[in-house]
Structures are given as C-alpha cells and as structure tokens.
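Some notes on the structure that comes next.
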Amino acid sequence: MINAVKHGNREDRSKHVTVEFTLAPTPKGTRVRMVQTGFPGLRGWFVLKGAQLGWKQMLHSALPAVLAR
C-alpha cells in the first residue's frame, strides 16, 4: 500500500488505491486471493507490476520460512 500511495499516486489524496483480500477454504488449507486496483496511467502500471513481483516473492519464499518456525 505504501508503495502504491507514494509512487503510484504520489500521495494525491484524490486518488484511491484498493487492495482486496479474499480467503477461501481448500482441501489443503486456505486460498488467498489479492486484487489491487487504483494504479492510474503508465507509471501506475509499472508500480503495480513491481508490487505484484514483491508479493510473489514474499508469498513464495518469505511466508513459507515464517510459517515453518
């Protein structure tokens, strides 16, 4: 969120960023779905792509390490 507000919207309070998390049970645990919206223009597209890469890295490497503790 901080990345979106600071770099995507440049702290313009008239622009809004929404992050929606949906949790759903699965046979193996819980499915987490995240949808981010509110990244205007070309700059916003790059900010969104950067955020997506960060979330992917966190969910595939950092989160399993935390859960294994």
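Limited to the stretch 24-41, what total is found for residues that are open to solvent by less than 80 Å² (accessible area, probe 1.4 Å) and part of a strand (DSSP E or B)?
Of the residues in the stretch 24-41, 7 are open to solvent by less than 80 Å² (accessible area, probe 1.4 Å) and part of a strand (DSSP E or B).
Do the conditions hold for Thr18, that is, is it at pLDDT 80 or above, open to solvent by less than 100 Å² (accessible area, probe 1.4 Å), touching a strand residue (DSSP E or B) at 6+ places or on another chain (Cβ under 9 Å) and among the β-branched types (Val, Ile, Thr)?
Spelling it out, Thr18 is indeed at pLDDT 80 or above, open to solvent by less than 100 Å² (accessible area, probe 1.4 Å), touching a strand residue (DSSP E or B) at 6+ places or on another chain (Cβ under 9 Å) and among the β-branched types (Val, Ile, Thr).
Here is a list: Gly44, Gly54. Which entry is at pLDDT below 85, surrounded by 13 or more Cβ atoms within 10 Å (Cβ to Cβ) and in a helix (DSSP H, G or I)?
Exactly one residue qualifies, and that residue is Gly44.
Return yes when Ala62 is at pLDDT below 85, surrounded by 10 or more Cβ atoms within 10 Å (Cβ to Cβ) and farther than 30 Å from Asp12 by Cα and no when it is not.
Spelling it out, Ala62 is indeed at pLDDT below 85, surrounded by 10 or more Cβ atoms within 10 Å (Cβ to Cβ) and farther than 30 Å from Asp12 by Cα.
Taking the stretch 21-41 as the search range and keeping residues that are among the hydrophobic types (A, V, I, L, M, F, W, C) and at pLDDT 80 or above, which one is farthest from the chain's Cα centre (by Cα)?
So the residue we want is Ala24.
The values are calculated or read from the model by the stated rules, or taken from the named source; none is laboratory data. In this text the structure is predicted, and so the values were computed from the model without any measurement. Heads up, the Cβs are rebuilt from the backbone with ideal geometry, glycines too, and the neighbour counts pull from every protein chain shown. The area values use the complete protein model at the heavy-atom level, side chains included, leaving out ligands, DNA and RNA. Shrake-Rupley method; radii C 1.70, N 1.55, O 1.52, S 1.80 Å.
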